[in-house]
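This report concerns only the one structure given below.
Rule-based calculations on the coordinates, nothing more; no lab input. Please read these numbers as outputs of a predicted model, since none were measured by experiment. Here Cβ is always computed from backbone atoms with ideal geometry, including for glycine, and neighbour counts include all displayed protein chains.
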Amino acid sequence: MLARPPIGLYYYTKTKNLNKSVMIFFISVFIFGGITITIKHISNKKHNEILLNSGIDIADKMSGEEFEKFLLVHFQKLGYKGDTTSKTNDYGADLVLTKDGEKIVVQAKRWSSRVGIEAVQQIIGAKAYYKADSCIVATNNYFTPNAINLASSSLVDLWDRSKLLEIMSKSNGRETAKEATNQIDISKRIICPKCGSEMLLKKGKYGSFYGCYKYPKCKFTKNII
């Protein structure tokens, strides 16, 4: 019959094995957590690069939330810091940014039609709520005359489609300036008289011409004078 080990030695061995198991558990958790964070970081970085390199045609098809992230990565590329706001109770601001000691609130409008006066009114309220120094309404489209008039008198900066294309080009996206290069002069844009969208310079069988951005929904064309 084998002699039983001393009680002290038994508990010492059991405690040592338990401590070893606990240590292995925490090391495993630490390693797994680190791997998860690294994968998430790489995934976020890759997603941001995709957004940064997306053309205006891709932006037109984004959801509202995706368009907010799209704007955020371009702002960050231009030296701004900040993030998107919560999806509820945002008080009229989709982004809250800082740059050079100033706070800026931004409302993002990924719309298929012109942005009206309500968006300007909302960002004015957001500017007061967040105690911001300035405010911007940014859209992939254009603004109505009423929105432009209110913004002008209320010191609201409006970023329409042309301004957005300019910002996208400054961000050095590989495909972002594609539409801008198809226009003769971004500051002298031509608007389709039929649907109000932007006219783009295109090349056809018989030479260059202006075609509506919403083609094939709108097939209006204009010859180059």
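Between the amide H of C192 and those of S197, E198, M199, distances stay under 5 Å, these residues lying 5 or more places away or on another chain, with hydrogens modeled in the peptide plane. Amide H contacts for V115 (H built 1.01 Å from N in the peptide plane; partners 5 or more residues away or on another chain; cut-off under 5 Å): Y142, F143, T144. Relative protection proxy for 129-140, 207-218, from highest mean packing down: 129-140, 207-218 (other beta-carbon atoms within 10 angstrom). Taking other residues whose beta carbon is less than 15 angstrom from the beta carbon of I117, and scoring Lys, Arg as +1 and Asp, Glu as -1, yields 0. From the Cα gyration tensor of the range 51-112, with a ≥ b ≥ c the square roots of its eigenvalues, which class applies: rounded if a/c is under 1.5, or else prolate if a/b is larger than b/c, or else oblate? Because a/c hits 1.5 or more and a/b fails to exceed b/c, the range 51-112 counts as oblate. Remark on T85: its backbone amide H falls under 5 Å from those of L95, V96, a criterion applied only to residues 5 or more positions apart or on other chains, H modelled at 1.01 Å from N. Within the range 56-173, DSSP assigns beta bridges of which about 45% are antiparallel (rounded to the nearest 5). A simple rule links phi to the HN-Hα coupling: the Karplus curve 6.51 cos²θ - 1.76 cosθ + 1.60 with θ = phi - 60°, which for the range 72-83 gives 4, 5, 6, 4, 4, 5, 8, x, 7, 10, x, 7 Hz, with x for Gly and Pro.
Could you list, in their original order, any pairs among K127/K170; K61/K81; K77/K202 whose Cα atoms are separated by more than 28 Å? Result: K77/K202 exceed 28 Å.
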